[in-house]
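These notes concern the structure reproduced below.
The values are calculated or read from the model by the stated rules, or taken from the named source; none is laboratory data. Since we're looking at a predicted model, the values are computed, not measured. Here the Cβ positions follow ideal geometry from the backbone for every residue, glycine too, while neighbour counts run over all protein chains shown. Note: accessible area is taken over every heavy atom of the protein model, side chains too, but ligands, DNA and RNA are not part of it. Shrake-Rupley method; radii C 1.70, N 1.55, O 1.52, S 1.80 Å.
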Amino acid sequence: AQRLLAVVGPRGVGKTTMLLQFAANEFGNPQVALYISADHVHVVAEGLYAIAAEHHNNGGKVLCIDEIHKYPNWAQELKNIYDSYPEMRLIVSGSSALQIANQMKDEKPDLILAIATPTAQAAVQKIKDIPIVFSAITDPVAAKLVESNVKPGGNATGMSDMIPFQRQ
């Protein structure tokens, strides 16, 4: 299973809902899969690493961290968590696509899920060696995310939300 997944996209596209539903539906137990928001005052006061350590010590297997881009020094703490707890899965989300793309290329997640065209473009532009799956893209070829819809080439693939003209 992938150990580090990044979900990036503009505000309001459902990243938080997806993380909450994933944790609830896949595990149903916050002692196994814990959701935290990195911009919450208690998370900032406690620290991501300390929260991950406590979660691990209590039998936690998955840590979902929302709004990662708002946490100071998030890339270093995320790397430390990843290195210290090799059996823990980390799923992070954020809205600042360029900032996250720049940081994530160094963190080497197993997969990046990019939601919406600007986010996918930032990821494809910055990251060449990590699989990128995109969604909510009308025309991936015109957005220069893939070479063609049949043979994407590169490290990006995904789904188009374009409705054929005949169906409109």
Residue hits (segment 138-150; modelled with pLDDT of 90 or more and not hydroxyl-bearing (Ser, Thr, Tyr)) are ASP139, PRO140, VAL141, ALA142, ALA143, LYS144, LEU145, VAL146, GLU147
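Keeping to segment 22-65, report how many residues are of a type outside the set (Ser, Thr, Tyr) and assigned to a helix (DSSP H, G or I).
Residues in segment 22-65 being of a type outside the set (Ser, Thr, Tyr) and assigned to a helix (DSSP H, G or I): 20 in total.
When you check LYS61 against the structure, is it open to solvent by 10 Å² or more (accessible area, probe 1.4 Å), of a type in the set (Lys, Arg) and either under 11 Å from LEU4 (Cβ atoms) or in contact with a Lys or Arg (Cβ under 6 Å, 6 or more places away or on another chain) (or both), yes or no?
no
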Could you tell me whether PRO86 is part of a loop (DSSP other than H, G, I, E, B), crowded, with 22+ Cβ neighbours inside 10 Å and at pLDDT 90 or above? no
Please give the number of the condition VAL8 fails out of (1) more than 23 Å from PRO118 (Cβ to Cβ); (2) crowded, with 19+ Cβ neighbours inside 10 Å. (1)
Sole exception among (1) open to solvent by 40 Å² or more (accessible area, probe 1.4 Å); (2) aliphatic (A, V, I, L, M); (3) touching a residue at least 60 places away in the same chain (Cβ under 8 Å); (4) in a helix (DSSP H, G or I) for LEU19, by number: (1)
Exactly one of ILE115, ILE163, ILE127, ILE100 is touching a His at 6+ places or on another chain (Cβ under 7 Å), among the β-branched types (Val, Ile, Thr) and modelled with pLDDT under 90, and that residue is ILE100
So for segment 37-56 (the condition being closer than 23 Å to THR119 by Cβ, surrounded by fewer than 18 Cβ atoms within 10 Å (Cβ to Cβ), over 14 Å from the mean Cα position of the chain (by Cα) and of a type in the set (D, E, K, R)), does at least one residue qualify? yes
